[in-house]
Amino acid sequence: MTEPMHATSPRGPSRRRRARLGRVLAAATIFALGSAALALAAAAVTIGTASNSRLGQRVAVNASGRTLYTLSGESVHHLLCKSSECLKVWPPVRLSPSSAKLKAGSGLQGRLGTLRRSGGIVQVTLRGRPLYRFAGDSGKGQANGEGIVSFGGTWHAARASTNAAPSAPVTPTMPSPAPPSTPPSYPSPGYGY
């Protein structure tokens, strides 16, 4: 009599082990997605401050330490920087993801808020004024956008303090001309015959 032989599958694990492996992978995927969702929900966008030597005061900065700007005459109810040209030069400070929390860094005074722009952009505001970066700044500590007059207003670095007045654009001063002097007096010619 011959004993029956058990066939082993050369193709891989048994059906039970594959099902168990599938359940473990599914649980790991759900855990990873849940963790990512929690991380996104807990994300915060911080608007900090930094001392700017060029301007001689503390200004609002993004997480990379880049100076943030506001446009005079602009508010959340009256946007001046709306064209694609403006938004290329002055990119809005975005709340991304839009579910992120806003956080004021040390030394920042005033209320942080948001406004919804067209195209679904959620822009950060400080004291009711939209915040922007300047494309002409390439790193920390730069404030190359200060005093630029364009797009309907004047751009200023957003001050960290509510009591700091924005600096006026620097204009060269010309020396005033000297007041006219009185003409010299000469003695009258004498008639000595």
## Note on the structure
Amide H neighbours of Asn52 at under 5 Å, excluding residues fewer than 5 places away on the same chain, with H built from the backbone geometry, are Gln57, Arg58, Val59
### Message
With 10 angstrom as the radius, rank Ile121, Ile47 by how many other C-beta atoms surround their C-beta, starting from the fewest.
### Response
Ile121, Ile47
### Query
Given 5 Å bins starting at zero, what is the percent of C-alpha pairs of region 41-157 in each, up to the one with the largest pair distance?
2, 12, 23, 26, 22, 12, 3, 0
### Message
What's the ranking of 53-59, 64-70 by average number of surrounding C-beta atoms within 10 Å, highest first?
### Response
64-70, 53-59
### Query
With Cβ to Cβ distances under 12 Å as the rule, what net charge do the other residues near Arg66 carry (K, R +1; D, E -1)?
+1
### Query
What list of ³J(HN,Hα) couplings, whole Hz, do you get for region 56-73 from phi and the Karplus terms 6.51, -1.76, 1.60, once you set θ to phi - 60° and write x for glycine and proline?
x, 7, 7, 10, 6, 9, 8, 4, 8, x, 7, 4, 10, 10, 10, 10, 4, x
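We did not get these values from a lab; they are worked out from the coordinates using the rules stated. Predicted, not measured: the structure shown is a model, and the values here were computed from it. All Cβ positions, glycine included, derive from the backbone under ideal geometry; neighbour counts span all protein chains shown.
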